[in-house]
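Colleague: A single structure is presented below for examination.
The values are calculated or read from the model by the stated rules, or taken from the named source; none is laboratory data. Quick caveat: nothing in here was measured; it's all calculated off a predicted structure. Neighbour counts run over all protein chains shown; Cβ positions are idealised from the backbone, glycine included.
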Amino acid sequence: MKKVTIAQICTYNLIGLTSFLTVLNTNTQVLTQTAKSSNTPQKSLLSNLVWPTQGIVSQGFRKYQHEGIDIAGASGTPIVAAASGTVVKAGWNEWGLGNAVVLKHPDESITVYGHNSRLLVKQSQQVSQGQVIAEMGSTGNSTAPHLHFEVRRNQRFAVDPMTTLPSLIAGKIPQQNMTSPTTVASQANHEINQVSPVQPIPVAVGSVMADTKCNGTTVIEGETANIFVKVCQENGQLFYIGQLKQDPSHPVRLPARSVGSSQYQADNGSFSYVVSSDKVEVWRNGQQVRSDTFSTSKQFTK
């Protein structure tokens, strides 16, 4: 048998220890690089959005109060995806947005499209930027056709859409950021044939004559810079009637009740309208979000 000296044993052990440390160091570097790679955030899509529709920006962003913007236009105006993504919701929204679409994008941001008259996509569907996903309407807590558009980073934190969309040109939404009308119409017709009808609107909305005429006693009638408001009593039932000046063909009519001396409230989901002799207030989940003073008003004796 070959003799092994103590010096040789020490040399073998030293070589083994050196090899082990080399492997350990290599594995540590690989793990560190993998961790750094996995923590590298994806490029944000929020700076590459396109305008979701054409119209007039009628209301801006207010943190914790109105966490989006409103774009008013004609009923049926095409709504397109501001960025490519996956449909995570397409249906009725119980928080006042009516027929709504929610898209999730690869960077984990989401965009929300509310108050649509018709939805042209369904849950889990993949959509591309500029694809028609809905038609503008006035469902939910709305008094006239418009799109309520939200942008949320990491699915939670609301961002002012005006900081993420291309700049307005002379106060107008740039036309070149929209899909051409021919493509929009063709795509809309294709989607309509594939998607089943959405849920019916829970609040009855009829013609101008049917909704704005009081077939009984007018209790309060007021006018703000943007809207006509009326509280009417018909056969013992109170009604709130709101009509946007910009589009008088789509008023809203809601059952109302007395909540104090010459004060009346109408509810629509999580939103409420409170009308008094000099103003109309908008509340959401028990918190006031807006108050508009009447420029002219009349109060009648019941």
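Colleague: Restricting attention to segment 98-132, report how many residues are under 13 Å from the mean Cα position of the chain (by Cα) and of a type in the set (Val, Ile, Thr).
Modeller: 5
Colleague: So which pairs qualify, if the first residue must be in segment 222-246 and more than 16 Å from Val282 (Cα to Cα) and not assigned by TED's automatic domain parsing to the domain that holds Thr143, the second must be of a type in the set (Ser, Thr, Tyr) and surrounded by 20 or more Cβ atoms within 10 Å (Cβ to Cβ), the Cβ gap must be under 9 Å, and the two must be at least 6 apart or on different chains?
Modeller: Pairs found: Cys232/Tyr240; Leu238/Tyr264.
Colleague: Here is a follow-up. Here are Phe271, Phe228: which of them is modelled with pLDDT under 80 and not aliphatic (A, V, I, L, M)?
Modeller: Phe271
Colleague: On to the next question. Given the conditions (1) over 13 Å from the mean Cα position of the chain (by Cα); (2) surrounded by fewer than 21 Cβ atoms within 10 Å (Cβ to Cβ); (3) modelled with pLDDT of 90 or more, and given that Thr182 satisfies all but one, which numbered condition is not satisfied?
Modeller: Result: Thr182 passes all but (3).
Colleague: Anything in segment 163-177 that is in a helix (DSSP H, G or I) and loosely packed, with under 15 Cβ neighbours inside 10 Å? List them, or say none.
Modeller: Once the filter is applied, which keeps residues that are in a helix (DSSP H, G or I) and loosely packed, with under 15 Cβ neighbours inside 10 Å, segment 163-177 yields Thr163, Gln175, Gln176.
Colleague: Cβ-Cβ below 7 Å, separation at least six or inter-chain, first residue in segment 150-176 and without any contact (Cβ under 8 Å) to a residue 24 or more places away in the chain, second in a strand (DSSP E or B): which pairs?
Modeller: Note: no pairs meet the criteria.
Colleague: Within segment 268-300, which residues are surrounded by 12 or more Cβ atoms within 10 Å (Cβ to Cβ) and under 20 Å from the mean Cα position of the chain (by Cα)?
Modeller: Asn268, Gly269, Ser270, Phe271, Ser272, Val282, Trp283, Arg284, Gln288, Val289, Arg290 - these are the residues of segment 268-300 that are surrounded by 12 or more Cβ atoms within 10 Å (Cβ to Cβ) and under 20 Å from the mean Cα position of the chain (by Cα).
Colleague: Among the residues of segment 58-97, count how many are more than 12 Å from the chain's Cα centre (by Cα) and more than 21 Å from Gln131 (Cα to Cα).
Modeller: Qualifying residue count for the region: 8.
Colleague: Does any residue of segment 123-140 turn out to be without any contact (Cβ under 8 Å) to a residue 24 or more places away in the chain, β-branched (Val, Ile, Thr) and in contact with a Ser or Thr (Cβ under 9 Å, 6 or more places away or on another chain)?
Modeller: The answer is no; no qualifying residue exists.
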